[in-house]
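A.B. asks: There's a structure below that I have some questions on.
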Amino acid sequence: DIVLTQSPATLSVTPGESVSLSCRASQGIRTSIHWYQQKSNESPRLLIKFASQSISGIPSRFSGSGSGTDFTLTINRVESEDFSVYYCQQSSSLPRTFGGGTKLELK
Amino acid sequence: EVQLVESGGGLVQPGRSLKLSCLASGFTFNNYGMNWIRQAPGKGLEWVASISSSGSHIYFADTVKGRFTISRDNVRNTLYLQMTSLRSEDTALYYCARLMYTTDTPFDYWGQGVMVTVSS
């Protein structure tokens, strides 16, 4: 199985800061990584597909990069509504796996 | 508007069975692969099972293989998860989720989830 390791587990920031969240895969997966946001008591929402492709309706401050084993989700100038948990997920092979999540919290 | 509405959850004793349903609307159900994904209380996301648009291709996580069955009714626009031999570690919020395009694409729409609690 492909293991996805997200870091850091928790990130404390103030609104207006720009942040980068990391996702590392245990083997190369080209760009088959997707990012989700999960707010408290809500279902996950797709933010970025295939490492860097934008999703309709998602604010442009969210962007993704990377290929192979190292991937990054960047939030440019964090807003208050962005404080939530972020997950990466791979679709390169079965079983589909998710990272453990990064919690973005208010400093 | 795409909607996925799960139902059928509840409290069940270990070793018993439960069947979840997910009613889809707002899109052509029989064009999309569907999945079940679960989240234990306070934990992360775990993919459980996948079924292709026609139902001909089915995949399971090792943790549920042999105990869970996934199926779909493309006339009723409904996805199912039959769970048997339930264990305490199956306690979770179960989401149904749509595959964006083909099998190797992300989950673009998720239901609100249905809670399954396995306890004596």
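A.B. asks: Report yes if A:Thr74 is touching a Lys or Arg at 6+ places or on another chain (Cβ under 8 Å) and either surrounded by 15 or more Cβ atoms within 10 Å (Cβ to Cβ) or over 21 Å from B:Asn35 (Cα atoms) (or both), otherwise no.
C.D. replies: Against the criterion (touching a Lys or Arg at 6+ places or on another chain (Cβ under 8 Å) and either surrounded by 15 or more Cβ atoms within 10 Å (Cβ to Cβ) or over 21 Å from B:Asn35 (Cα atoms) (or both)), A:Thr74 does not qualify.
A.B. asks: Also, I was wondering about something else. Taking region B:61-92, which residues are buried (at least 20 other Cβ atoms within 10 Å of the Cβ) and under 26 Å from A:Ser32 (Cα atoms)?
C.D. replies: B:Ala61, B:Val64, B:Ile70, B:Leu79, listed by residue number.
A.B. asks: Another question about this same structure. State whether one or more residues within region B:14-22 are exposed (fewer than 14 other Cβ atoms within 10 Å of the Cβ) and more than 21 Å from B:Lys65 (Cβ to Cβ).
C.D. replies: The answer is no, given that none of the residues of region B:14-22 is exposed (fewer than 14 other Cβ atoms within 10 Å of the Cβ) and more than 21 Å from B:Lys65 (Cβ to Cβ).
A.B. asks: Could you tell me which of the residues A:Leu73, A:Leu94 is in contact with a strand residue (DSSP E or B) (Cβ under 7 Å, 6 or more places away or on another chain) and more than 11 Å from chain B (Cβ to nearest Cβ)?
C.D. replies: Answer to the check: A:Leu73.
A.B. asks: Scan region A:22-44 residue by residue and report those that are outside any strand (DSSP E or B), closer than 20 Å to A:Val3 by Cα and not aliphatic (A, V, I, L, M).
C.D. replies: A:Ser26, A:Gln27, A:Gly28, A:Arg30, A:Thr31, A:Ser32, A:Pro44
A.B. asks: Could you go through region A:12-23 and let me know if any residue there is small (Gly, Ala, Ser) and within 14 Å of chain B (Cβ to nearest Cβ).
C.D. replies: Looking for residues that are small (Gly, Ala, Ser) and within 14 Å of chain B (Cβ to nearest Cβ), one finds none in region A:12-23, hence no.
A.B. asks: Among the listed residues B:Glu46, B:Glu6, which satisfies the condition of being touching a Lys or Arg at 6+ places or on another chain (Cβ under 6 Å), within 14 Å of chain A (Cβ to nearest Cβ) and not hydrophobic (A, V, I, L, M, F, W, C)? First the steps, then the outcome.
C.D. replies: Values: B:Glu6 fails: touching a Lys or Arg at 6+ places or on another chain (Cβ under 6 Å).
Just a single option satisfies the conditions, and that option is B:Glu46.
A.B. asks: Here are A:Gln90, A:Gln27, A:Gln53: which of them is crowded, with 17+ Cβ neighbours inside 10 Å and of a type in the set (S, T, N, Q)?
C.D. replies: A:Gln90
A.B. asks: Now a separate question. Residue check: is A:Leu21 in contact (Cβ under 8 Å) with a residue 60 or more places away in the chain and buried (at least 22 other Cβ atoms within 10 Å of the Cβ)?
C.D. replies: Taking the combined requirement at face value, the residue satisfies it.
A.B. asks: For B:Asp62, are the conditions met, namely being within 13 Å of chain A (Cβ to nearest Cβ), of a type in the set (D, E, K, R) and over 11 Å from the mean Cα position of the chain (by Cα)?
C.D. replies: Working: within 13 Å of chain A (Cβ to nearest Cβ): yes; of a type in the set (D, E, K, R): yes; over 11 Å from the mean Cα position of the chain (by Cα): yes.
For B:Asp62, the condition - within 13 Å of chain A (Cβ to nearest Cβ), of a type in the set (D, E, K, R) and over 11 Å from the mean Cα position of the chain (by Cα) - is met.
Readers should treat all values here as calculations from the given coordinates under stated rules, not as data from a laboratory. Bear in mind that the values here come from a model prediction, so they are computed numbers and not experimental data. Here Cβ is always computed from backbone atoms with ideal geometry, including for glycine, and neighbour counts include all displayed protein chains.
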